[in-house]
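**Q** Take this structure, written in structure tokens, and hold onto it; I'll ask about it next.
The values are calculated or read from the model by the stated rules, or taken from the named source; none is laboratory data. What you are looking at is a predicted structure, and each value in this text was computed from that prediction instead of being measured. Cβ sites come from the backbone with ideal geometry, for glycine too, and all protein chains shown count toward neighbours.
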Amino acid sequence: MTDRETRRAIEAIWRIESPRLIAGLAHIVRDVGPAEELAQDAFVAALEQWPESGVPERPGAWLMGTAKHRAIDLLRRRQRLAEKYQKLGRELEVEKELAAPDFEAALDDDIGDDLLGLIFTACHPVLSTEARAALTLRLLGGLTIEEIARAFLVPAPAIAQRIVRAKRTLAEARVPFEVPTGPELAARLSSVLEVVYLIFNEGYSATAGDDWMRPALCQDALRLGRVLAELAPGEAEVHGLVALMEIQASRMRARVGPSGDPVLLLDQDRGRWDQLLIRRGLAALERAQKLGGALGPYSLQASIASCHARARTPEETDWVRIAALYDALAQLAPSPVVELNRAVALGMAFGPAAGLELVDSLRFEPALQVYHLLPSVRGDLLAKLGRRAEAREEFERAASLTRNARERKLLLQRAVACAG
């Protein structure tokens, strides 16, 4: 194996093993910042040694063993500092535990809890949404600073600072490395799901840049969601989110044309939808429903997505059911964006005039003033009503608001079509 091939192998191993490695180390040192540094030290050691010695048979165990010795040194330094204030008497016990031959096996026993702890720590509400997303991709996705920066079209130094500040905030707030229980679990889980779906959405409909989609981000979010579903099988909304992402991801090949331009839902070749992802999504939705209780926001959105997935043609889509599901979603999680989506469903189910009436009630909603989809939806409904001049103005306004080059091109094309 050449040095280049070895390096690629090491990077692939790192992407797979780093979440487990960081989670296990965070369980030991109780702080994600030092845990990531210890894991990075082991990664650097692999880059230095494996090209000469070859990739070990159990690379994950090698990385953990290397990081373990550095963790012992860190705990010794911590203890010496703490002994200035009180006698801890823990060092021998810690060393005995870490030096045990079955340390990796013991870690494997708790790796599920450790990974959950890492997910809940990285997505703690004390951090901003942007910081949670960046830290999650760094710690659990194994992405480099540069990869995260490219994904969100943010300069790499800004992402690096965001992650450093996030780890500092967690340390200063003394956020415990643990899986929350009781009433706190629901609130914290909501924060986790929000971050995972934010990552997915940024990949599914890029807010800026030259590409309509960034599939790698969708894959990262899907992997996180699937891991979360395995670790928390009794949480219905986890399965609801996974269902939603699986079904939406099934359309990705059909969402772009040969030149990379967007293809709208009703114009897509449904033969290109990924049936395996659809089946996985429907199965996840069924798991959410079987857990009982009222459907949560993600499960309701997955139910809406399932209506599209089950329709072999656009004409077979059950828009009346979709409108009813949006009614339920608006009551459960009211927001101007949900209302805008409900207007689309009403327009498809009961005619464009019904949809336009709701859209017009949202025109002065503060949260939608710079949201390009408001004039885009209004333009579509006006065009269907034959009010082409007004529709053209709306499409042009939508084009001026979007930061995505592909979407801007599509909207301007629709504006020109109205003029024709």
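**Q** Restricting to the range 261-285, name every residue that is modelled with pLDDT of 95 or more, surrounded by fewer than 17 Cβ atoms within 10 Å (Cβ to Cβ) and in a loop (DSSP other than H, G, I, E, B).
**A** Scanning the range 261-285 gives a single hit, Asp269.
**Q** Oh, and also: Among Arg226, Arg165, which is the only one that is farther than 21 Å from Ser306 by Cα and either free of Cβ contacts under 8 Å to residues at least 60 places away in the same chain or crowded, with 19+ Cβ neighbours inside 10 Å (or both)?
**A** Arg165
**Q** Could you tell me which residue of the range 198-237 is nearest to Leu140 (Cα to Cα), considering only residues that are β-branched (Val, Ile, Thr) and assigned to a helix (DSSP H, G or I)?
**A** Across the range 198-237, the extreme among qualifying residues is Val227.
**Q** Within the range 129-164, can you find the residues that are more than 22 Å from Ile13 (Cα to Cα), not aliphatic (A, V, I, L, M) and not in a helix (DSSP H, G or I)?
**A** Pro155, the sole residue that qualifies.
**Q** Which members of the range 286-300 meet the condition of being surrounded by fewer than 20 Cβ atoms within 10 Å (Cβ to Cβ) and either under 20 Å from the mean Cα position of the chain (by Cα) or part of a helix (DSSP H, G or I) (or both)?
**A** The answer is Glu286, Arg287, Gln289, Lys290.
**Q** Follow-up question, since we're still on this one. Within the range 345-361, how many residues turn out to be surrounded by 13 or more Cβ atoms within 10 Å (Cβ to Cβ), out of contact with any helix residue (DSSP H, G or I) (no Cβ under 6 Å at 6 or more places or on another chain) and not small (Gly, Ala, Ser)?
**A** Number satisfying all stated conditions: 2.
**Q** So, in the range 168-189, exactly how many residues are loosely packed, with under 15 Cβ neighbours inside 10 Å and either among the basic types (Lys, Arg) or touching a residue at least 40 places away in the same chain (Cβ under 8 Å) (or both)?
**A** Qualifying residue count, the range 168-189: 7.
**Q** Among the residues of the range 316-369, which ones are within 23 Å of Gly296 (Cα to Cα) and among the acidic types (Asp, Glu)?
**A** Across the range 316-369, the qualifying residues are Asp318, Asp327, Glu339.
**Q** Within the range 33-47, does at least one residue satisfy the condition of being of a type in the set (Val, Ile, Thr), modelled with pLDDT of 85 or more and surrounded by 17 or more Cβ atoms within 10 Å (Cβ to Cβ)?
**A** So far as the range 33-47 goes, no, none of its residues is of a type in the set (Val, Ile, Thr), modelled with pLDDT of 85 or more and surrounded by 17 or more Cβ atoms within 10 Å (Cβ to Cβ).
**Q** If you don't mind, another one. In contact with a helix residue (DSSP H, G or I) (Cβ under 6 Å, 6 or more places away or on another chain), touching a residue at least 24 places away in the same chain (Cβ under 8 Å) and among the hydrophobic types (A, V, I, L, M, F, W, C), is that true of Ile199?
**A** Answer is yes for this residue.
**Q** Something else about it: If you check every pair at least six apart or on different chains, which have Cβ atoms under 8 Å apart with a residue in the range 115-137 that is in the same structural domain as His27 (by TED's automatic domain parsing) and buried (at least 21 other Cβ atoms within 10 Å of the Cβ) first and a residue that is part of a helix (DSSP H, G or I) and charged (D, E, K, R) second?
**A** No pair meets every condition.
**Q** Identify the residue in the range 229-241 that is within 21 Å of Leu135 (Cβ to Cβ) and modelled with pLDDT of 95 or more and, among all such residues, is surrounded by the most Cβ atoms within 10 Å (Cβ to Cβ).
**A** Among those residues, the one meeting the criterion is Leu241.
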